[in-house]
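The structure appears right after this line, and notes come after that.
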Amino acid sequence: MKKTLVLCLTVLLSLAAVCAFAGDGSWERVKKEGKLVIGLDDAFPPMGYRQADGKLVGFDVDAAEEVGKRLGIKIAWQPTAWEGVIHSLNAKKFDCIWNGMTITPERAKEVAFTKPYIMDGQIAVVNFKEKRFKGLKDLKGIKAGTQKGSSGLEAVKKLATPPKELKEYEDYPKALLDLEAGRIDVVVVDNVTGRDMIAKRPGKFKILPGMISKEPFGVAFRKEDNGLRDKVQQTLDKMVKDGSMAKISRKWFAEDIANPKKF
């Protein structure tokens, strides 16, 4: 009887080991399909946005396409509303979210993130001729704006003085239009996005000194798809090591902000 129990236990442990080695099958599924479907807000420069001819470009686009090339699969981009992007991921409308998504404790409860691949943060953008505000501490009694579902919503809460009014927009360009028109005083936006928008419209806006918060970007996967996440992570690690991520970063930001050692 004892030998039988030992034999059964040995078999069960062996099966468990085989299952653990096999993983969750998420990478095998994507590999078999030959494509990785990625959800994104395609109006989020410089991470992912449309050129005048409709072509999708950006830092995340270049990085993901390089990952796909190395893994031997195609990248299929699925534009989606950012406000419900995590719900859409978990509803299996795409395989991951790769679009400058900030890693937060709240989001980490719903998705499985890669390690940070960029350290971003939230900044305050005001009109170029604005004289009332010289720094973040001067933001009192303001009308602020940010994008729905963005990290800007949490960043606004970290201001020394809460705004008297907070407007949520479908995207940052709409928020900046209201800022330019004087309907709001400040736009709280991701650092990389804000700087990109300001560079394209010189003399219209400026950034107040300092950052409201520092926030890491990660690629988000469904909780059960750890095998797929780990495969992408391994590829990103190799790209950092061989300088490919630095090259892509310099293309879009004129500097290497994708080096984990600098985070």
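The values are calculated or read from the model by the stated rules, or taken from the named source; none is laboratory data. Computed from a prediction, not measured in an experiment: that's the story for all the values here. Heads up, the Cβs are rebuilt from the backbone with ideal geometry, glycines too, and the neighbour counts pull from every protein chain shown. We work out accessible area using only protein heavy atoms, side chains counted, and drop any ligands, DNA or RNA first. Shrake-Rupley method; radii C 1.70, N 1.55, O 1.52, S 1.80 Å.
So here's what we get for this one:
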read-out: Yes/no for residue 84 being open to solvent by less than 10 Å² (accessible area, probe 1.4 Å), not in a loop (DSSP other than H, G, I, E, B) and not charged (D, E, K, R); value: no
read-out: Subset of segment 162-206 (residues that are acidic (Asp, Glu), in a helix (DSSP H, G or I) and at pLDDT 95 or above); value: 178, 180
read-out: Unique match (being modelled with pLDDT of 95 or more, of a type in the set (D, E, K, R), surrounded by 14 or more Cβ atoms within 10 Å (Cβ to Cβ) and assigned to a loop (DSSP other than H, G, I, E, B)) among 115, 92; value: 115
read-out: Count of residues meeting criterion [in contact (Cβ under 8 Å) with a residue 24 or more places away in the chain and either open to solvent by 10 Å² or more (accessible area, probe 1.4 Å) or in a loop (DSSP other than H, G, I, E, B) (or both)] in segment 97-112; value: 4
read-out: Segment 76-96 residues that are closer than 7 Å to residue 39 by Cβ, paired with ones that are outside any strand (DSSP E or B) and open to solvent by less than 20 Å² (accessible area, probe 1.4 Å) (beta carbon under 6 Å, 6 or more apart); value: 78/94; 80/88
read-out: Single residue of segment 129-143 satisfying the filter (open to solvent by 10 Å² or more (accessible area, probe 1.4 Å) and under 28 Å from the mean Cα position of the chain (by Cα)) that is farthest from residue 173 (Cα to Cα); value: 137
read-out: Residue count for segment 100-112, restricted to those that are of a type outside the set (A, V, I, L, M), under 13 Å from the mean Cα position of the chain (by Cα) and at pLDDT 95 or above; value: 1
read-out: Pair list, Cβ < 6 Å and 6+ apart or interchain, from segment 237-252 residues that are hydroxyl-bearing (Ser, Thr, Tyr) to residues that are open to solvent by 100 Å² or more (accessible area, probe 1.4 Å) and at pLDDT below 95; value: none
read-out: Residue 159 vs. criteria open to solvent by less than 70 Å² (accessible area, probe 1.4 Å) and free of Cβ contacts under 8 Å to residues at least 60 places away in the same chain; value: yes
read-out: Selection from segment 214-235 of residues that are more than 15 Å from the chain's Cα centre (by Cα) and either touching a residue at least 60 places away in the same chain (Cβ under 8 Å) or crowded, with 22+ Cβ neighbours inside 10 Å (or both); value: 223, 224, 225, 226, 227, 228, 230, 231, 235
read-out: Residues of segment 181-211 satisfying the condition of being open to solvent by less than 70 Å² (accessible area, probe 1.4 Å) and farther than 19 Å from residue 82 by Cβ; value: 181, 182, 184, 185, 186, 198, 203, 205, 206, 207, 208, 210
read-out: Selected residue [within 30 Å of residue 28 (Cβ to Cβ) and part of a helix (DSSP H, G or I)] from 261, 247, 231, 251; value: 231
